[in-house]
Structure formats: structure tokens, C-alpha cells
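Trainee: Sending over a structure as C-alpha cells; questions will come in a sec.
Computed from the coordinates by the stated procedures, all read-outs in this text should not be read as laboratory data. Worth saying up front: this structure is predicted, and the values here are computed from it rather than measured.
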């Protein structure tokens, strides 16, 4: 019977330590997870206050450069959202490509973005060599 008590104490300490480590790991991951909504999800919200992230495809033929802003339509095939991005887009930004924008809706229903992340493939090819 005496051997069971030290084992029980060690087991309680081990379970408590594992629970504490799990809690710390979960709280650390919370800040690094990125959630985003599709244009259809954003359209279904009755009121959107504050910042959020939208992800979808840049609709072909919708990109218009307007001074320091870039206007385009982000779509998921179900709903479209007009986006006004302030600043230069990444160099690989193009129509028909996946994009993630962060910002807020303005009073006119347009999404004002200050962060634009382009989704692209990981395949890169060297430029073709010029023939003499």
C-alpha cells in the first residue's frame, strides 16, 4: 500500500505538468492561426464591424490601378466583394489568382484593404534563354 502513494503523487504531478504544457501550447497557437472568410460568408453577415480577412480569387478583368490604390473584385464563385487595396500589390499579383486581403468594409460596401497576400504555386521556372 505504501508503494501506491508515491506513484499516485508522481502521476498527479505528471498529469498536471502535461495539462500546463498543453494549455501553454494552445495559447501560443491562438495568435499564429489565420482565419479568413469567403466573400459569400462575408455577404451573409448582417453587420461586419472591425477588421477581418477575406480570401478568394481575383476576378479576371476586374483589376484597375487607381493612383496609390488597386481596385479589384474578389470572388468565390458564389458572391463578389469589391476590394480597394491601398499600397502596391505584391509583384506576383494577377487576375484569376488566389488572394487574401485584410481590412474592413466601408460605408459604401467596398472592402478597404491594407494587407494583400497572394496565393501562388511553389513551382518556379527559369526564364527561357535567348537564342542568338
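Trainee: Taking every pair of Cα atoms in the stretch 39-119, average 1/r, invert it to obtain the Kirkwood radius, and report Rg/Rh to two decimals.
Mentor: A ratio of 0.93.
Trainee: Please compute the length gained on full extension between residue 104 and residue 88, using 0.36 nm multiplied by the number of residues separating them and subtracting their Cα-Cα distance.
Mentor: Extra length from residue 104 to residue 88 when fully extended: 4.0 nm.
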